[in-house]
Amino acid sequence: MHLKTLTMELQVIQNKIYEIRSQRVMLDFDLAEMYQVETRVLNQAVKRNMKRFPSDFMFQLTKDEWSILKSQFLISRWGGSRKLPFAFTEQGLAMLFRCS
């Protein structure tokens, strides 16, 4: 892989890392996109393994957190979601890789 391609891919990932509750997290729909699965499929896999995801690995955003996060972007790429997204910490990401 060329260095330029790798740098571009890292930038895409870095743009999907948010700071919420003083933690750096990635959101379920961004992770699902990276895994090339539907968000509901990713969340179902997590629900089957909930014991592996304590609150310091994963948490669901509140309405206020979700509203604030969406308001930080001029153009929302998130559309209208029925459920509040789950946020995964670094430990949660590592656990996701083990569950997949």
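Brief remarks follow.
- Qualifying residue in segment 44-51 (condition: in contact with a Phe, Trp or Tyr (Cβ under 8 Å, 6 or more places away or on another chain) and over 22 Å from D64 (Cα atoms)): yes
- Taking segment 1-60 and the helices (runs of 4 or more DSSP H) fully enclosed by it, the elements with 1 or more residues that are surrounded by 13 or more Cβ atoms within 10 Å (Cβ to Cβ) are at 28-35, 39-48.
- Hey, F88 within 15 Å of the chain's Cα centre (by Cα), on the phi < 0 side of the Ramachandran plot and at pLDDT 90 or above or not: yes
The values are calculated or read from the model by the stated rules, or taken from the named source; none is laboratory data. Keep in mind the model is a prediction, meaning the values are calculated, not measured. Glycine gets a Cβ as well: all are built from the backbone with ideal geometry, and neighbour counts include every protein chain shown.
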